[in-house]
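Structure first, commentary second.
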Amino acid sequence: MNVEINEYQSGDEARMAEIAARAFAHFARHGIDYTLPRDLVADYYSDEAREFARRCREGDPDLQVFVARRDGQVVGHVAVAIDRKRSQQFRMRWGVICSLAVDPDSHHQGIGTRLVEAAMQWFRDQRCAYVEVHTDQNNIAAIRLYEAAGFRVIHCGLTLSQKLEW
């Protein structure tokens, strides 16, 4: 498998958006809420990926995106950031893995692991003392990936919703 991990490049956003829509369709918060229209859920995650790309293009110093490429085509990405507010509040550089998405056709090939390794190196380079990531409790593959990278579960929460009729 010839996969390279590189920083985001302008033009990667279309494939990132496609991957995000597919990767999060059944595991992410909006993806598991079947009261939401499926096409709008896909749009939500695609837009989120495009926003990470936009911030990179505009030179946001607190955000970086790494992409995994196989034979030149993007097959996954990870967006990482420095949380300035919590960094100030807790008096240590606070990093966040904002999003990790791997094309479902490329699962179980070590791509997620390599993307997390790139993310963690970026956090070390940024002198972060603390890094967190949120994932859904039903996304067992992601939990195992993050635990293998040294993360530990510190909090589990619930999201409750109600669809109103009027």
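Computed from the coordinates by the stated procedures, all read-outs in this text should not be read as laboratory data. Bear in mind the structure is a predicted one, so any value in this text is a computation, not a measurement. We place every Cβ from the backbone using ideal geometry, glycine too, and count neighbours over all the protein chains shown.
Given charges of +1 on the Cβ of Lys and Arg and -1 on the Cβ of Asp and Glu, with all other atoms neutral, how large is the dipole of the range 96-156 about its Cα centre, in debye to the nearest 20? Walk me through the numbers on the way to the answer.
Numbers: 5 positive and 7 negative charges, 50 e Å.
Roughly 240 debye for the range 96-156.
Any idea what diffusion coefficient the chain gets from Stokes-Einstein, in µm²/s, Kirkwood Rh on alpha carbon pairs, 20 °C, 1.002 mPa s?
On the way: Rh = 16.6 Å.
Estimated via Stokes-Einstein, D reaches 129 µm²/s.
Once the Cβ-Cβ distance between Val3 and Gln121 is put in as r, and R0 is 22 Å, what FRET efficiency do you end up with, to the nearest 0.05? Before the final figure, lay out the partial values.
Numbers: r = 16 Å, r/R0 = 0.73.
Taking R0 as 22 Å, the efficiency between Val3 and Gln121 is 0.85.
Give me the net charge of Ser87's neighbourhood, meaning all other residues with Cβ under 11 Å from the Cβ of Ser87; Lys, Arg count +1, Asp, Glu -1. Let's see the in-between values first.
Values: positive: Arg84, Lys85, Arg86, Arg91, Arg93, Arg127; negative: Asp62, Asp83.
That works out to +4.
Report the charge-dipole magnitude of the range 15-75 in Debye, nearest 20, computed about the Cα centre from +1 at each Lys and Arg Cβ and -1 at each Asp and Glu Cβ.
Using Cβ point charges on Lys, Arg, Asp and Glu, the range 15-75 gives about 240 debye.
Determine the calculated [θ] at 222 nm for the chain from helices alone, applying -39500 (n - 2.57) to every DSSP H run no shorter than 4 residues and normalising by the residue count; nearest 500 deg cm²/dmol. Write out the running numbers ahead of the final one.
Numbers: 5 runs with 62 residues, N = 166.
Computed mean residue ellipticity for the chain: -11500 deg cm²/dmol.
Taking amide H positions as placed 1.01 Å from N in the peptide plane, with prolines and chain starts having none, which residues 5 or more places from Val75, or on another chain, fall under 5 Å of its amide H?
Ala68, Arg69, Arg70
Tell me whether the range 53-137 comes out rounded, prolate or oblate; compute the Cα gyration tensor, take square roots of the eigenvalues as a ≥ b ≥ c, and use a/c under 1.5 as the rounded threshold.
Judged from the Cα gyration tensor, the range 53-137 comes out prolate (a/c at least 1.5, a/b above b/c).
Hey, any idea what the orientation-averaged projected area of the convex hull of the range 1-64's Cα atoms comes to, in nm²? Numbers along the way, then the final one.
Details: hull surface 21.1 nm².
So the Cα hull casts an average projection of 5.3 nm².
If I model a spin label as a point 7 Å beyond the Cα along the Cα-Cβ vector, how far apart are those points for Ala148 and Gln89 in nm?
Taking the two extended label points, one gets 3.2 nm.
Suppose every K and R has +1 on its Cβ and every D and E has -1 on its Cβ; what is the size of the dipole of the chain about the Cα centre, in Debye to the nearest 20?
Numbers: 21 positive and 24 negative charges, 129 e Å.
The dipole of the chain has a size of about 620 debye.
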